[in-house]
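The values are calculated or read from the model by the stated rules, or taken from the named source; none is laboratory data. A quick note: this is a predicted structure, and the numbers were derived from the prediction, not measured. Note that we place each Cβ from the backbone using ideal geometry, even for glycine, and neighbour counts take in every protein chain shown. The area values use the complete protein model at the heavy-atom level, side chains included, leaving out ligands, DNA and RNA. Shrake-Rupley method; radii C 1.70, N 1.55, O 1.52, S 1.80 Å.
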Amino acid sequence: MVKLLRKKVKKFFREFLLYHNNSLEYRAKIFTLVVAANEQITECEEALLMECACNIYRNDEERCEILVETVKEYFEKIITNNGLDFEHLVFQVEKETRDVKRFSKKIDIEMLMKFQACEMSEDEKLYQLRVIEFLADLKERYT
């Protein structure tokens, strides 16, 4: 119960309470673009998200969980059309990458390609691959 309450408070105030919140938000947007290729986050994608987050934040399980929760939050906003759509998220990522050049180093194409192994239709795989190629182009352009 205490852990859940603590998690909710951190989620609500993450902008003020988390060290390098902008970096975490940027990574969450990157992962959201990749998992939003289909209309749900599958178990495979969720497991990969957790694995990737734990690889990024090796010694901070709480930060790892916050990253995954932030991805889910962005994804939910896209699916429910609650103030964010996919195109808007693409523009945000491009703008943030252009404005803060060091963010381009946070785009790990090898890590993102792991999501291609998850089960989805051929169209969804192709769409996801195009998103990853877009992110690779961003990384190359602004690194």
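A Cβ distance below 8 Å, combined with a sequence gap of six or more or placement on separate chains, defines the contacts here; from the stretch 61-82, residues that are without any contact (Cβ under 8 Å) to a residue 24 or more places away in the chain reach residues that are among the aromatic types (Phe, Trp, Tyr) and open to solvent by less than 60 Å² (accessible area, probe 1.4 Å) in the pairs CYS64/TYR57.
Rundown of residues vs (1) at negative phi; (2) surrounded by fewer than 17 Cβ atoms within 10 Å (Cβ to Cβ); (3) in a helix (DSSP H, G or I); (4) in contact with a helix residue (DSSP H, G or I) (Cβ under 9 Å, 6 or more places away or on another chain), yes/no style:
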{"site": "ALA47", "(1), (2), (3), (4)": "yes, yes, yes, no"}
{"site": "GLU51", "(1), (2), (3), (4)": "yes, yes, yes, yes"}
{"site": "ASN55", "(1), (2), (3), (4)": "yes, yes, yes, yes"}
{"site": "VAL71", "(1), (2), (3), (4)": "yes, no, yes, yes"}
{"site": "PHE91", "(1), (2), (3), (4)": "yes, yes, yes, no"}
{"site": "SER104", "(1), (2), (3), (4)": "yes, no, yes, yes"}
{"site": "GLU124", "(1), (2), (3), (4)": "yes, yes, yes, no"}
{"site": "LEU129", "(1), (2), (3), (4)": "yes, yes, yes, yes"}
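Here is a check on your reading of the model: is VAL100 open to solvent by 20 Å² or more (accessible area, probe 1.4 Å) and among the aliphatic types (A, V, I, L, M)? The answer is yes for VAL100. The single condition among (1) within 11 Å of the chain's Cα centre (by Cα); (2) at pLDDT 95 or above; (3) farther than 19 Å from LEU129 by Cα; (4) not hydrophobic (A, V, I, L, M, F, W, C) that TYR74 does not meet is (2).
Of the numbered criteria (1) touching a Ser or Thr at 6+ places or on another chain (Cβ under 9 Å); (2) among the hydrophobic types (A, V, I, L, M, F, W, C); (3) modelled with pLDDT of 95 or more, the one LEU33 fails is (1).
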